[in-house]
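Novice: Sharing a structure below in structure tokens format, with a few things to ask.
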Amino acid sequence: MLDKSSPIPDNELERLIGLSNIDLDFTNLEDSFKDLTLLATKVTGTEISLINIIDSFTQWTIANQGLELKQMPREDSVCQYTIMSDKPLEVQDLRLDDRFSTKLYVKGADGLRFYYGMPLQLSPGLNVGALCVLDKEVKALSPEKIELLEIIAQTVVKRLKSIQALALLGAKLNQSDASKKKAAHDIRGPLGGIIGLSELMAEQGATGNIAEFMEYINMINKSGRSLLDLADEILSEGSVQPLAESEFNLPVFRDKLLKLYQPQAKFKNVDLEISLNAGNESVPFSKNKLLQIAGNLISNAIKFTGEGGKVSVHLGLSLAATEKLLTITVIDTGVGLDAEVINQILAGKAQTTTGTGGEKGYGFGLSLVSHLVESLNGLITVSSAPGEGAKFEVTLPQSL
């Protein structure tokens, strides 16, 4: 059971699903929000401002002012308490609060003292993170400054929703492109038949000297060949184009995951390795929910792998006649799982537990993975035994 220092909202799984629907890429959001953190410090007169998003395991800082911070374990953050309520959280002196007085960022003469956080609400009760301001001096904010900070927090939420809307638009454009290519595939067969038949009829007509009949057949043949060339042209489009905003390929996907989760692995002295299958590295696929799925699996693997252990991730993409099949395999050398826990994960009912380094557990992460994989018509398999590590394999169909 979690202690009081690790709060979890009553609607945690709903909260995580709401966050996953925005489908954030934590590697490239700084430019979209940097101005708001600068504005927050100017408005409040504080040294530091952060925009933090909290997922199952990690607090991600998507923009910062006055403090270079990218991520920290969720259980070490102050903002984990801010998302517990629809009201702001103010701590005028962090040294006097038992929840934070022993934290490294508070201890010492140069430690942080003041904190004020506004929950970022996608909808009432659905808090995905916090806009916070901090200072190394004890402070208190006036009502006027709090009102302005609330306006900034609302602007952050509006931009988050704009990112979500753009992602949905990109997905629809991808669907349109996929439909175009499918149509090209569909017309190739009939057109090939028409051309073959017209050639056969042309040969028969030539022996009978039917000039008018031959003229019509030649026209059909010519038109059919033109359409067949057009279909080939449609199918070849995009093969040399750069990735769309809504797409990854295997190397880009790997680089994103390394950038996000290598720091967590190094912090715990766990070796994180990510490999790719050969042959389809340049083939694009939808990035929809992939960072959430793979990220939760990798964070979970690191959490349950002891110091000096290893987490191996393999990304694969196979091509079939009607679809692409993406596989994400995560293998760790950690404590392993028994059959009951595996069944809970596959049923989307994973329970909270504690990691090998004493990390507080947020079992909702695996429940979220199960939910997302199911929503994408994918499949997740888990193989493990206590003391023998664990292997998670996710298979996701991708449209051609």
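Novice: From the list V341, V335, V311, which one is hydrophobic (A, V, I, L, M, F, W, C) and crowded, with 24+ Cβ neighbours inside 10 Å?
Specialist: Sole residue among the options that is hydrophobic (A, V, I, L, M, F, W, C) and crowded, with 24+ Cβ neighbours inside 10 Å: V311.
Novice: Separate question: Look through the range 63-86, keep the residues that are without any contact (Cβ under 8 Å) to a residue 60 or more places away in the chain and farther than 23 Å from S101 by Cβ, and return whichever of them is surrounded by the fewest Cβ atoms within 10 Å (Cβ to Cβ).
Specialist: E68
Novice: Right, next: Report, by residue number, each residue of the range 261-301 that is under 22 Å from T322 (Cβ atoms) and outside any loop (DSSP other than H, G, I, E, B).
Specialist: Within the range 261-301, F285, S286, L290 qualify.
Novice: What are the residues in the range 21-44 that are under 16 Å from Q154 (Cα atoms), of a type outside the set (V, I, T) and in contact (Cβ under 8 Å) with a residue 40 or more places away in the chain, if any?
Specialist: Once the filter is applied, which keeps residues that are under 16 Å from Q154 (Cα atoms), of a type outside the set (V, I, T) and in contact (Cβ under 8 Å) with a residue 40 or more places away in the chain, the range 21-44 yields S32, F33, L36, L39, A40.
Novice: Assess whether A294 counts as being buried (at least 19 other Cβ atoms within 10 Å of the Cβ) and among the aliphatic types (A, V, I, L, M).
Specialist: Yes.
Novice: Test G129 against the stated conditions and say whether it is under 18 Å from L39 (Cβ atoms) and not charged (D, E, K, R).
Specialist: When the stated conditions are applied, G129 passes them.
Novice: So, one more: So if I check each of L16, L36, which one is part of a helix (DSSP H, G or I), aliphatic (A, V, I, L, M), under 27 Å from E137 (Cβ atoms) and under 24 Å from the mean Cα position of the chain (by Cα)?
Specialist: After applying the criteria, what remains is L36.
Novice: Could you grab me the full set of residues in the range 273-327 that are over 30 Å from E75 (Cβ atoms), within 17 Å of the chain's Cα centre (by Cα) and among the polar types (S, T, N, Q)?
Specialist: S286, T327
Novice: Before we move on, is G45 surrounded by 15 or more Cβ atoms within 10 Å (Cβ to Cβ) and on the phi > 0 side of the Ramachandran plot?
Specialist: no
Only the coordinates and a few stated rules stand behind these numbers; no lab work does. Given the structure is predicted, the values throughout are model-derived calculations rather than measurements. FYI the Cβ positions are ideal-geometry reconstructions off the backbone, even for glycines, and counts take in every protein chain you see.
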